[in-house]
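K.L.:
Here you go, one structure.
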Amino acid sequence: MDVPIHLNEHITAAALRADLERVQETGRYLVRHSPDKCSTIIGLALLASDWDEQDIDLIKHIGLLSETFGPLAAHALKRRMGGGQALLWLAQRTAGWGRVYIVEALCEVGGAAARPWLLREAINGDILNGYYVGAVAKAADVHEAITSPDPDDDLIDHTGRLLSLMANNNGMGQTWNYYHAIRRVLDAHVSHLARQQPTARRYYTAAHIADRLLKGDPDLPNLPPDHQARLLDQYLTILRRDDWSAVIRADLNSTDEYSTWFLETVAARLHLLN
């Protein structure tokens, strides 16, 4: 039969009615020895109903198969002392939908140990990052890190990806409209960007942010229209510099679909590379 991969209240209730030691032994056996994923899920669900710390290593390793086991592994690790470190280990090794569950849980319980990773690596370019971008911004206090006097390049680049993702994130998760620190973070990012060396990835990120600012939005509560216009001018000043233009010209490939789309839409709207 089909077994739910998410937390199921009926399985949890059955586990809580049974003898704790029997639940633990059954859960461990099924996760270690099951010949099919459905019975493995049942075993993981039994472990997710408990708090025993000795199962952390077992849970995090089955969690590597995160498309199927990620949701229950994330829930189980959130409930255990030391589970935040295991979630960080998993976040560094998973992808796709499975990574969504893991990173969301990490944002809840990762604490200070997870903050450096959340500030520099959580937003990796996958479209599914949009589901947890807001949780990352809040858990990592991005607005405090990026407004520090001398953030490192990895932090600045990651903040740019976070801003670019939020800019067009309607229907998935956090957008600029509901990000309380959007003005501070954009101000700091463009200021730091002006001092960075140009790269193709930085150019694309800044261009997408500028394109969102060009479209404008009078309903951004923390970013009034006049400030949007000033930010747009700052980003365009950087993007139109000779050194930045040279880098992106060298990267563009006329036969590449993304290059064609970028030139015909974003670059054309912003009057770049004319």
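The values are calculated or read from the model by the stated rules, or taken from the named source; none is laboratory data. Just so it is clear, the structure is predicted and the values come from calculations on it, not from any experiment. Counting neighbours? That spans all protein chains shown, and the Cβs are built from the backbone with ideal geometry, glycine included.
K.L.:
Which of the residues that make up the stretch 1-25 are aliphatic (A, V, I, L, M), under 34 Å from the mean Cα position of the chain (by Cα) and assigned to a loop (DSSP other than H, G, I, E, B)?
P.N.:
Those that are aliphatic (A, V, I, L, M), under 34 Å from the mean Cα position of the chain (by Cα) and assigned to a loop (DSSP other than H, G, I, E, B): Met1, Val3, Ile5, Leu7.
K.L.:
Still on this model: Considering (1) surrounded by fewer than 19 Cβ atoms within 10 Å (Cβ to Cβ); (2) touching a residue at least 24 places away in the same chain (Cβ under 8 Å), say which one Glu21 fails and leave the rest.
P.N.:
Answer for Glu21: the failing condition is (2).
K.L.:
I'd like to verify a number: residues in the stretch 217-255 that are among the aliphatic types (A, V, I, L, M), part of a loop (DSSP other than H, G, I, E, B) and under 26 Å from the mean Cα position of the chain (by Cα), how many? Give the derivation first.
P.N.:
So the first thing to find is which residues in the stretch 217-255 are among the aliphatic types (A, V, I, L, M), and the list is 220, 223, 229, 231-232, 236, 238-239, 246-248, 250, 252.
Adding the requirement that they be part of a loop (DSSP other than H, G, I, E, B) leaves 220, 223, 252.
Subset that is under 26 Å from the mean Cα position of the chain (by Cα): 220, 223.
Of the residues in that region, 2 qualify.
K.L.:
On to the next question. Of these, Gly130, Gly125, which one is part of a helix (DSSP H, G or I) and touching a residue at least 24 places away in the same chain (Cβ under 8 Å)? Give the derivation first.
P.N.:
Values: Gly125 fails: part of a helix (DSSP H, G or I).
Within the list Gly130, Gly125, the selection yields Gly130.
K.L.:
Return the residue satisfying two criteria in turn: it lies in the stretch 146-177 and is of a type in the set (Gly, Ala, Ser) and not in a loop (DSSP other than H, G, I, E, B), and of such residues it is surrounded by the fewest Cβ atoms within 10 Å (Cβ to Cβ). Even if it seems obvious, please write down each step before you answer.
P.N.:
Here is the first cut: in the stretch 146-177, the ones of a type in the set (Gly, Ala, Ser) are 148, 160, 164, 167, 171, 173.
Filter once more, so that each one left must be not in a loop (DSSP other than H, G, I, E, B): 160, 164, 167.
Values: Gly160: 26, Ser164: 23, Ala167: 20.
Step by step, filter the stretch 146-177, then rank; the result is Ala167.
K.L.:
Among the candidates Tyr258, Tyr203, single out the residue that is at negative phi, assigned to a helix (DSSP H, G or I) and modelled with pLDDT under 95. Outline the logic, then answer.
P.N.:
On the way: Tyr203 fails: modelled with pLDDT under 95.
Answer to the check: Tyr258.
K.L.:
Could you tell me whether any residue of the stretch 74-93 is under 19 Å from the mean Cα position of the chain (by Cα), part of a helix (DSSP H, G or I) and without any contact (Cβ under 8 Å) to a residue 24 or more places away in the chain?
P.N.:
There is no residue in the stretch 74-93 that is under 19 Å from the mean Cα position of the chain (by Cα), part of a helix (DSSP H, G or I) and without any contact (Cβ under 8 Å) to a residue 24 or more places away in the chain.
K.L.:
Examine the stretch 27-38 for a residue that is surrounded by fewer than 22 Cβ atoms within 10 Å (Cβ to Cβ), assigned to a helix (DSSP H, G or I) and touching a Ser or Thr at 6+ places or on another chain (Cβ under 7 Å), and state whether such a residue exists. Break it down into steps so the answer makes sense when it comes.
P.N.:
Looking only at the stretch 27-38, we keep the residues that are surrounded by fewer than 22 Cβ atoms within 10 Å (Cβ to Cβ), and these are 28-30, 32-38.
If we keep only those that are assigned to a helix (DSSP H, G or I) as well, we get 28-30, 32-33, 37-38.
Remaining after also requiring touching a Ser or Thr at 6+ places or on another chain (Cβ under 7 Å): 30, 37.
Within the stretch 27-38, one or more residues are surrounded by fewer than 22 Cβ atoms within 10 Å (Cβ to Cβ), assigned to a helix (DSSP H, G or I) and touching a Ser or Thr at 6+ places or on another chain (Cβ under 7 Å).
K.L.:
Part of a loop (DSSP other than H, G, I, E, B) and either modelled with pLDDT of 95 or more or over 20 Å from Val103 (Cα atoms) (or both): which single residue out of His180, His189, His208, His143 fits that description? Talk me through it step by step, then tell me what you get.
P.N.:
Working: His189 fails: part of a loop (DSSP other than H, G, I, E, B); His208 fails: part of a loop (DSSP other than H, G, I, E, B); His143 fails: part of a loop (DSSP other than H, G, I, E, B).
Residue meeting the stated conditions: His180.
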